[in-house]
1. For the stretch 55-170, count the residues as N, evaluate 2.2 N^0.38 Å, and divide the Cα radius of gyration by that value, please.
2. Go through the stretch 99-110 residue by residue and turn each phi into a ³J(HN,Hα) via Karplus (6.51, -1.76, 1.60, θ = phi - 60°); whole Hz please, and just put x for glycine and proline.
3. In the chain, how does Rg compare with the Kirkwood Rh, expressed as the Rg/Rh ratio over alpha carbon atoms?
4. If you wrap the stretch 7-86's Cα atoms in a convex hull and average its projection over all directions, what's the area in nm²?
5. Tell me, what ³J(HN,Hα) does each residue in the stretch 113-128 have, in order and in whole Hz, if you take phi through Karplus 6.51 cos²θ - 1.76 cosθ + 1.60 with θ = phi - 60° and put x for Gly and Pro?
6. Nearest 5 is fine: what % of DSSP beta bridges in the chain come out antiparallel, could you say?
7. Can you compute the helix-only [θ] at 222 nm over the chain? Use -39500 (n - 2.57) per DSSP H run of at least 4 residues, normalise by all residues, nearest 500 deg cm²/dmol.
8. Where in the stretch 129-199 are there trypsin sites (Lys or Arg not before Pro) that are in a DSSP coil and have at most 14 other Cβ atoms within 10 angstrom of their Cβ?
Amino acid sequence: MPIEEHKALIQRFVAGFNQGDLSIIDETISRAFFNYRPAPGEETAPDVLNQLAGDLVAAFPDMKIAVDDFNDRGETLSFALTLSGTQKNELWGSPGSGKHATWTSTVTSRIRNGNFAFCWEDLPLPDVMATLRSIDMVPPPEDMDKPTKYPVSIPEFLLKLIFTGQVADLSCGHLDLIKVTEPTTDVCNDCLAAGDIWPALRMCLICGYVGCCDTSKNKHMKQHYEETGHPVFRSIRLQESWVWCYEDDVFLSGKILEQYK
């Protein structure tokens, strides 16, 4: 597709979104992700983006998208994408803050079967956290080791993008060690013994040990890994089930646990 047609397709998407027409997602976004083609039965890019856009527009009724700084890279097109709006309603467990948020990132797009697939080039965790803090979804740095004020649960899709930069699961060489997938407790007993509190819980997928997360005061799950060599754990906070491997330093979708139950 010629570069001007590629740009026009992106601008058509932006215009439709800004007019409140979310059907533009199905009309312009490729079913495959930028670097990942979903297997049969898996969610497509429009499936994921419709859910994400619906959540954001419900929370930010005045949300708008702006694009500029287009850069032709031959088979791909990069541009700056800015999202802005005021959070008036609940988002992923966080009540409306009434605060305005603006977030800008560089995006790269490629054409797939007449529609476009895109990826974010820069999703540095500190920048994402700063945006979430601006609307009170994430506590300030000095309070990260305390329980959250609201039961905020960020979609796994976004967490995977933030931690890995892509939609497809990265490779992990320790999944064959998984023996336990469901917790038998909802507390960190080591913290309780010390009279401490924690913001979130993790469960070792090898022995079932439950400990506090890496932003907690004691970091008991990390201590468990260092003492036992058990590298793979899952989140058991709220409805989360995503998986992390300390050894390979990778984030994995909780759906992989189905095959080990």
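Every number in this text was worked out from the coordinates using simple rules, so none of it is lab data. This structure is a prediction, so every number in the text was calculated from the model and none was measured. All Cβ positions, even for glycine, are placed from backbone atoms using ideal geometry, and neighbour counts span all protein chains on display.
1. Numbers: Rg = 15.7 Å, N = 116, 2.2 N^0.38 = 13.4 Å.
Rg over 2.2 N^0.38 Å, computed on Cα atoms: 1.18.
2. 9, 8, 10, 10, 9, 10, 8, 7, 10, 10, 10, 9
3. Values: Rg = 20.1 Å, Rh = 20.1 Å.
That ratio equals 1.00.
4. Numbers: hull surface 23.2 nm².
Spelled out: convex hull of the Cα atoms, projected over all directions, averaged, 5.8 nm².
5. 6, x, 10, 10, 10, 9, 9, 7, 7, 9, 10, x, 3, x, 5, 5
6. Details: 37 of 38 bridges.
In the chain, approximately 95 percent of DSSP beta bridges are antiparallel ones.
7. Details: 7 runs with 70 residues, N = 261.
Helices in the chain give a 222 nm mean residue ellipticity of -8000 deg cm²/dmol.
8. Values: sites: Arg133, Lys149, Lys160, Lys179; in loops: Lys149, Lys179.
Listed in order of number, the matching sites are Lys149, Lys179.
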